[in-house]
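S.K.: Below is one structure. I have some questions about it.
Every read-out reported here was derived from the displayed coordinates using simple, explicitly stated rules and does not represent laboratory data. All values reported here derive from a predicted model rather than from experimental measurement. Here the Cβ positions follow ideal geometry from the backbone for every residue, glycine too, while neighbour counts run over all protein chains shown.
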Amino acid sequence: MDDDQVCSITGGDARVVIDLALADPAWLEDIPDAASTVERACLAALDKACRGPGLAVSLVLSDDDRVRRLNREWRTIDNATNVLSFPAIECRAGELPVPQPGLPADTAIELGDVVLARETVLREARDGAIPDEHHLSHLVVHGCLHLLGYDHEDEVGAETMEALERRVLDGLGIPDPYA
């Protein structure tokens, strides 16, 4: 990602640090406020789901080609998807993440990376007649919850995760994406 534009954003209460990489500048042509959209969604997800220690997350606004390569390499699925999450530590849904041993107490816990594919995200939004910013926000929330150990592998996990997504998105003024 040497050519990516990278910036760090510290969340509202300085508890969350977001490293944002703009791997596909076309995001800003399609959604001019994409950076602030993903920042708000990430902070809202972490505020609602993990009100504990200092946290750090990397968000990557990428494209279908890169996400397809990542999906093929890490999940052996040879196609693009809307969002991929790469947890840096193992978290349990609903529990506070534990810092790695030996790090200073004030070191932010690195949760991992959330990578979004521009073309897929925009196509899904338009196919579903959803505002681009709303769909992008939903996928960032979804990806961040995966970093915190939430999943949708079974019915109970899916219901728990979707209910939390709804609460986070409602707080952002975004309608229920599952309605």
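S.K.: Sort 66-76, 19-29 by packing, meaning the average of other beta carbons within 10 Å per residue, with the highest value first.
M.R.: 19-29, 66-76
S.K.: A further question follows. Only bridges with both residues in the chain count here: give the DSSP antiparallel percent, nearest 5.
M.R.: 40
S.K.: I've got another one for you. Quick one: if you stick a label point 7 Å off each Cα along the C-beta vector at Asp33 and Leu96, how many nm between them?
M.R.: Modelled inter-label distance: 3.3 nm.
S.K.: A further question follows. Would you mind putting 151-160, 109-118, 46-55, 135-144 in packing order, based on average other-beta-carbon counts within 10 Å, highest first?
M.R.: 135-144, 109-118, 46-55, 151-160
S.K.: Continuing with the same structure: So how much slack lies between Arg72 and Ala88, counting 0.36 nm per residue of separation and subtracting their Cα-Cα distance, in nm?
M.R.: 3.9 nm
S.K.: Mind computing the radius of gyration and Dmax over the alpha-carbon atoms of the stretch 5-171? Å is fine for both.
M.R.: When restricted to the Cα atoms of the stretch 5-171, Rg and Dmax are 15.2, 49 Å.
S.K.: Quickly work out the Ala26-to-Glu153 label distance, labels modelled 7 Å from Cα along the C-beta direction, and quote it in nm with one decimal.
M.R.: Distance between label points: 3.4 nm.
S.K.: Treating only the Cβ of Lys, Arg, Asp and Glu as charged (+1, +1, -1, -1), what charge dipole size does the chain show about its Cα centre? Round to the nearest 20 debye.
M.R.: So the dipole magnitude of the chain works out to roughly 340 debye.
S.K.: Can I ask one more? Most mobile of Ile77, Ile130, Ile31 per a Gaussian network model of the chain (Cα springs, under 10 Å)?
M.R.: Comparing Ile77, Ile130, Ile31 in the GNM, the peak value goes to Ile77.
S.K.: Just to check I understand the Karplus step: with θ = phi - 60° and J = 6.51 cos²θ - 1.76 cosθ + 1.60, what whole-Hz values come out for the stretch 87-96, glycine and proline as x?
M.R.: Whole-Hz 3J(HN,Hα) from phi for the stretch 87-96: x, 8, 9, 8, 10, 10, 3, x, 10, 5.
S.K.: What FRET efficiency comes out for the pair Asn79/Arg51, r = Cβ-Cβ distance, R0 = 30 Å, nearest 0.05?
M.R.: So the FRET efficiency works out to roughly 0.25.
S.K.: Based solely on C-alpha atoms, express the radius of gyration and the Dmax of the stretch 93-171 in angstrom.
M.R.: Looking at the stretch 93-171, its Cα Rg and Dmax stand at 15.1, 49 Å.
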